[in-house]
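Data first, discussion second: the structure below is written as structure tokens.
The values are calculated or read from the model by the stated rules, or taken from the named source; none is laboratory data. Since this is a predicted model, take the numbers as computed values, not measurements. Quick reminder, even Gly has a Cβ in these numbers, built from the backbone with ideal geometry, and neighbours come from all protein chains shown. Note: accessible area is taken over every heavy atom of the protein model, side chains too, but ligands, DNA and RNA are not part of it. Shrake-Rupley method; radii C 1.70, N 1.55, O 1.52, S 1.80 Å.
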Amino acid sequence: MEDNKKVIFSGIQPSGSLTLGNYLGAIKNWTNLQDEYNCYYCIVDMHAITVPKEPKDLRKNTLEVLANYVAAGLDPDKVTLFIQSHVSAHVELGWVLNCMTYYGELGRMTQFKDKSKKQENNNITAGLFTYPSLMAADILLYQTDLVPVGEDQRQHLELSRDIAIRFNNRYSETFVVPEPYISKVGAKIMNLQDPTSKMSKSDTNDNSYILLSDDDDSIRRKFKRAVTDSLGIVKLSDDQPGVKNLLGIYSKITGESVDNLVQKYEGKGYAEFKEDVAEIVVNELRPLREKRDDLLKNKDYLEEIYHKGAEKAENVARKTLRKVYKKVGFIPR
Ligand code: TYM
């Protein structure tokens, strides 16, 4: 029975092609959870416009993210896949939560600080600043138990929990307080050119990230150029962030433990290790890419999925929103 299952919510911004980080840190984990949990996976287009976006790119990227979800193995008959802007309860609850979130809390978000530094001419929007309270609304609307995300979303999730607890204390028990679900391996895939920082599609050097749209040869080339160190020993050490990152990628995809991998590459050089990592990634991403490209040819099918998803999500979200409106003192229409 779906009603007895715990609830999972997560989302990805449609802001360009997804990276290997998005895939290993988020989507790959989601597929393992779909039988056991009642899952909502959203494409957060409203979050995407917190920095300027070309409308035609946003439309294209939104469908691409949906196609990636399905291609990666999320079954639209088991999980709810939907587009954030289709369920207006997200912004409605977002507003209420904005009124319960402190300026100081939002100012402390490291992602806000990083992203606002990148905005030209200091054009930082109010949307970028209040982004985490919309994210809290996404999660809290579904009475979510667990939120599977990469490490970089931990701080946002902690804020979502604080907001939920604050609301419950002020108005009485309303929201489930969500827990983060962050896997041990693959929660922070690093930049291939600078393995001390996170892999991100906004990086200016395209050798630093693997995109889910990259062809086989680009993937091989990028791993060949991946920065390591001069020690020449494959082992897990914080002093070897490049090697550590490659070990994590290998282990996350194959399920082999890092200890096993270290043994396997004992006495072998980085060239062979990097080639093997590249092949593993190529073999993981090729079927995903092919399936995604096929799905993108069938827009009617994708439309069917997001229509059905929005309807299901809307029903649940409205119920929570009605409760919230009543509790804060809004008169029902
Ligand atoms: P976004 O779109 O930046 O990233 C989507 C997911 O990918 C993970 N991720 C990574 N994991 C490992 N290594 C990396 N290098 C890497 N880069 C990205 C992210 O942790 C995330 O899980 N604010 C969110 C979107 C969002 C959301 C939500 C998430 C909006 N509402 C509600 C969960 C619940 C974001 O910008 O993710």
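Here are a few things to note about the model shown:
- Top-ranked residue in region 265-275 [being over 32 Å from the mean Cα position of the chain (by Cα) and surrounded by 11 or more Cβ atoms within 10 Å (Cβ to Cβ); ranked as farthest from Pro241 (Cα to Cα)]: Lys268
- Hey, Tyr142 open to solvent by 10 Å² or more (accessible area, probe 1.4 Å) and of a type in the set (Phe, Trp, Tyr) or not: no
- The helices (runs of 4 or more DSSP H) located wholly in region 210-264 that include 3 or more residues which are within 27 Å of Glu64 (Cα to Cα) and open to solvent by 60 Å² or more (accessible area, probe 1.4 Å) occupy 216-224.
- Test: residue in region 188-203 that is open to solvent by less than 70 Å² (accessible area, probe 1.4 Å), in contact (Cβ under 8 Å) with a residue 60 or more places away in the chain and more than 10 Å from the ligand (Cβ to nearest atom): no
- Checking each residue in region 96-134 for being in contact (Cβ under 8 Å) with a residue 12 or more places away in the chain, out of contact with any Phe, Trp or Tyr (no Cβ under 7 Å at 6 or more places or on another chain), part of a helix (DSSP H, G or I) and hydrophobic (A, V, I, L, M, F, W, C) picks out Val96, Leu97, Leu134.
- The listed residue being more than 15 Å from the ligand (Cβ to nearest atom) and either in contact with a Pro (Cβ under 8 Å, 6 or more places away or on another chain) or aromatic (Phe, Trp, Tyr) (or both), out of Phe167, Phe129, Phe175: Phe167
- Cross-chain or 6+ apart pairs with Cβ under 7 Å, region 215-241 first and in contact (Cβ under 8 Å) with a residue 60 or more places away in the chain and farther than 17 Å from Thr196 by Cα, then outside any loop (DSSP other than H, G, I, E, B) and hydrophobic (A, V, I, L, M, F, W, C): Asp216/Val282; Ile219/Ala278; Ile219/Val281; Ile219/Val282; Ile219/Leu285; Arg220/Ala278; Arg220/Val282
- Of all residues in region 274-333, those satisfying the criterion of being over 22 Å from Asn68 (Cα atoms) and among the charged types (D, E, K, R) are Lys274, Glu275, Asp276, Glu314, Arg318, Lys319, Arg322, Lys323, Lys326, Lys327, Arg333.
- Among the residues of region 1-20, those identified as open to solvent by 10 Å² or more (accessible area, probe 1.4 Å) and in a loop (DSSP other than H, G, I, E, B) are Met1, Lys5, Lys6, Gln13, Ser15, Gly16, Ser17.
- Out of Thr19, Thr31, one residue alone is within 23 Å of Lys78 (Cβ to Cβ) and either of a type in the set (A, V, I, L, M, F, W, C) or in contact (Cβ under 8 Å) with a residue 24 or more places away in the chain (or both). It is Thr31.
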